[in-house]
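Take this structure first; my questions come after.
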Amino acid sequence: MNKYKKLISNTTILGIGTFGSKLLVFLLVRFYTSCLTAEQYGTADLITQSANFIIPLFSLGIFDAVFRFCIDDTDNRKRILSTGVAVFALSAVVFAFLTPLFNFVEMLEGYGWLITLYAFSSCLHSIFAQFIRAKGQMKLFALQGIIGTVLTILFNLIFLLGFKLNVLGYVLSVVIADALCSVFLFIAARLYREINFSLAELDTAKKMLRYSLPLIPTTIFWWVTNVADRYMVRHIIDAETNGLYAVSNKLPTILILLSGIFCEAWQYSAVKEKEEGGDAHSDFFSKIFDNFQAVMFIAATFLIAFSQLATRILTTSAYYESWQYIPILSLATVFSSLVTFMGVIYLMEKKSMLSFYTAMIGAILNIILNSILIPTPLGANGAAIATFASYFVVFIIRAVNTRKYIKFKMNVPILACNTAVIIAQIFILLSAKSYPLIPQILCVLAICLLNGKPIFKTASYLLKSFIQKRHI
């Protein structure tokens, strides 16, 4: 199959299987904000984000190694999976004894067991899911995503609406959904035939850990860039503001969802097409990047324009003020997605140390800027600016550095114009006393005109391919 068609096919499958289900979770924001106070929502968010912080430590990043090594070494997938599960099991046992340490963190006191349970179920689910993705079983990968979402929603209704478990119910919903998805994959993908601990090898484990261990601090650094601002907002301002800020992060998840669906397919295609090399490979990257950044900026400009309306529809009145953090966070999410796109090159070349260094720069810059900006009148928007600035700097570094491996073309003037228009759109919206309708329309039109060409060319290509296929 043509490499472009293969990428589009995988993205479509993942999109069908993921977008609708994830959209349901997004629409549940109003349900969450009606069941939880701003302080409770902020606490629940800190618990889940704390669990996300320890996941790479808990798993030793082994699920990343399972995915990457299984793509290359198709003959030894059983050995790779078995070794990966064995490494995770040993790590989980050790980490379980460290759970009481969470009680020394005041805002997490009493929730250590819940954080550990969340991390365990998420890691096991990720190992199984990444294995089937590496095998190219995209339909099953998408299906398990749907099942996970449906289960999360179901248990949310039961625990929050039925049993009124508040913070505990919010977190347990995800834990149980992950656990049941692991069971589903174990049976549906017949992983009981793939996992054989007698095949686990120390040499294989060393190779996998040599790749995955540098990704642990990398993942932690990205966590710092993404989440540390919420801890600092709570510490410097208050828990209620942190709750509003946590809710404001939900709307930009539409952009994360769009980029996430594509990047999961893109990782697979980029690694598979690596052997082609030369100008054809560079051209492939160039065209994909043009389309990717075009879609992200168009989605962002609409999201910013409708941020007030969306917040009013999707949350209760107590959370309405959270809209003011959405515009800057949306721009930050665009550059976060572009950074992830560049990171695929490091994945393809197995240059995990370069991912580590660039992520470290972003995390350090984020902490410094948060410390400076949050105490100012900017408040929580200072945290949003810090997040954007961190991703912007890392993107510039990666855009320059990755050219050592693939010399793909990047339309810098268009990228710069996109960024300038979005910044102007944000400034106009946040500084206006009433909704600036005409300026917002003009900004949206400008972004659409700037990015129409690559999308039009891709749409024409797809239409032409479809017509030719129908005539064969």
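Could you tell me which residue of region 170-209 is surrounded by the fewest Cβ atoms within 10 Å (Cβ to Cβ), considering only residues that are assigned to a helix (DSSP H, G or I) and of a type in the set (Asp, Glu)? Explain how you work it out, then say what you get.
At the first step, the residues of region 170-209 found to be assigned to a helix (DSSP H, G or I) are 170-188, 191-193, 197-199, 202-209.
Cutting the leftovers down to of a type in the set (Asp, Glu) gives us 178, 203.
Numbers: 178: 23, 203: 8.
Within region 170-209, the match that is surrounded by the fewest Cβ atoms within 10 Å (Cβ to Cβ) is 203.
Additional query: Can you name the residue in region 123-144 that is open to solvent by 20 Å² or more (accessible area, probe 1.4 Å) and part of a helix (DSSP H, G or I) and, of all such residues, is modelled with the lowest pLDDT?
Here is the first cut: in region 123-144, the ones open to solvent by 20 Å² or more (accessible area, probe 1.4 Å) are 124-126, 130, 135-137, 139-140, 143.
Still in the running and part of a helix (DSSP H, G or I): 124-126, 130, 139-140, 143.
On the way: 124: 93, 125: 93, 126: 90, 130: 89, 139: 84, 140: 89, 143: 87.
The extreme case among them is 139.
In addition: Please enumerate the residues belonging to region 19-61 that are open to solvent by 40 Å² or more (accessible area, probe 1.4 Å), modelled with pLDDT of 80 or more and under 19 Å from residue 177 (Cβ atoms).
Once the filter is applied, which keeps residues that are open to solvent by 40 Å² or more (accessible area, probe 1.4 Å), modelled with pLDDT of 80 or more and under 19 Å from residue 177 (Cβ atoms), region 19-61 yields only 52.
Open to solvent by less than 60 Å² (accessible area, probe 1.4 Å) and outside any helix (DSSP H, G or I): does that describe residue 358? Outline the logic, then answer.
Values: open to solvent by less than 60 Å² (accessible area, probe 1.4 Å): yes; outside any helix (DSSP H, G or I): no.
Taking the combined requirement at face value, the residue does not satisfy it.
This table checks each residue for (1) at pLDDT 80 or above; (2) within 21 Å of residue 286 (Cβ to Cβ).
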residue	(1), (2)
414	yes, yes
419	yes, yes
437	yes, no
441	yes, no
445	yes, no
453	no, yes
457	no, yes
462	no, yes
471	no, no
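Consider residue 177 carefully, then state whether it is under 20 Å from the mean Cα position of the chain (by Cα), of a type in the set (Gly, Ala, Ser) and within 26 Å of residue 323 (Cβ to Cβ). Break it down stepwise before answering.
Details: under 20 Å from the mean Cα position of the chain (by Cα): yes; of a type in the set (Gly, Ala, Ser): yes; within 26 Å of residue 323 (Cβ to Cβ): no.
Considered against the rule, which asks whether it is under 20 Å from the mean Cα position of the chain (by Cα), of a type in the set (Gly, Ala, Ser) and within 26 Å of residue 323 (Cβ to Cβ), residue 177 comes out as no.
Take the residues in region 400-449 that are in contact (Cβ under 8 Å) with a residue 60 or more places away in the chain and not in a helix (DSSP H, G or I); name whichever of them is most open to solvent (accessible area, probe 1.4 Å).
Here the residue is 409.
Suppose we keep only residues that are open to solvent by 90 Å² or more (accessible area, probe 1.4 Å) and in a helix (DSSP H, G or I) within region 94-107. Which one would you say is farthest from residue 57 (Cα to Cα)?
The selected residue is 106.
Check residue 245 against each of (1) open to solvent by 20 Å² or more (accessible area, probe 1.4 Å); (2) of a type in the set (Phe, Trp, Tyr); (3) within 24 Å of residue 320 (Cβ to Cβ) and name the one condition it does not meet.
Exception for residue 245: condition (1).
Which of the residues that make up region 326-350 are hydroxyl-bearing (Ser, Thr, Tyr) and open to solvent by 20 Å² or more (accessible area, probe 1.4 Å)? Let's see the steps before the verdict.
Looking only at region 326-350, we keep the residues that are hydroxyl-bearing (Ser, Thr, Tyr), and these are 330, 333, 336-337, 340, 346.
336, 340, listed by residue number.
In this structure, does residue 373 turn out to be within 21 Å of residue 221 (Cα to Cα), open to solvent by 30 Å² or more (accessible area, probe 1.4 Å) and at pLDDT 90 or above?
For residue 373, the condition - within 21 Å of residue 221 (Cα to Cα), open to solvent by 30 Å² or more (accessible area, probe 1.4 Å) and at pLDDT 90 or above - is met.
How many of the residues making up region 154-169 are surrounded by fewer than 18 Cβ atoms within 10 Å (Cβ to Cβ) and part of a helix (DSSP H, G or I)?
Counting residues in region 154-169 that are surrounded by fewer than 18 Cβ atoms within 10 Å (Cβ to Cβ) and part of a helix (DSSP H, G or I) gives 7.
Among (1) touching a residue at least 60 places away in the same chain (Cβ under 8 Å); (2) among the hydrophobic types (A, V, I, L, M, F, W, C); (3) open to solvent by less than 40 Å² (accessible area, probe 1.4 Å), which single condition is residue 292 missing?
Only one criterion is unmet by residue 292, namely (1).
Which of the residues that make up region 145-155 are at pLDDT 85 or above and not β-branched (Val, Ile, Thr)?
Residues of region 145-155 that are at pLDDT 85 or above, as a first pass: 147-148, 150-155.
Passing the criteria: 148, 151, 154, 155.
Which members of region 210-236 meet the condition of being open to solvent by 20 Å² or more (accessible area, probe 1.4 Å), touching a helix residue (DSSP H, G or I) at 6+ places or on another chain (Cβ under 7 Å) and hydrophobic (A, V, I, L, M, F, W, C)?
Correct list: 215, 220, 221, 222, 223, 224, 232.
Take residue 230 and tell me if it is over 20 Å from residue 389 (Cα atoms) and among the charged types (D, E, K, R).
Numbers: over 20 Å from residue 389 (Cα atoms): no; among the charged types (D, E, K, R): yes.
No, not satisfied.
The values are calculated or read from the model by the stated rules, or taken from the named source; none is laboratory data. Worth saying up front: this structure is predicted, and the values here are computed from it rather than measured. Cβ sites come from the backbone with ideal geometry, for glycine too, and all protein chains shown count toward neighbours. Heads up: the accessible areas ignore ligands, DNA and RNA and are worked out on the full protein's heavy atoms, side chains in. Shrake-Rupley method; radii C 1.70, N 1.55, O 1.52, S 1.80 Å.
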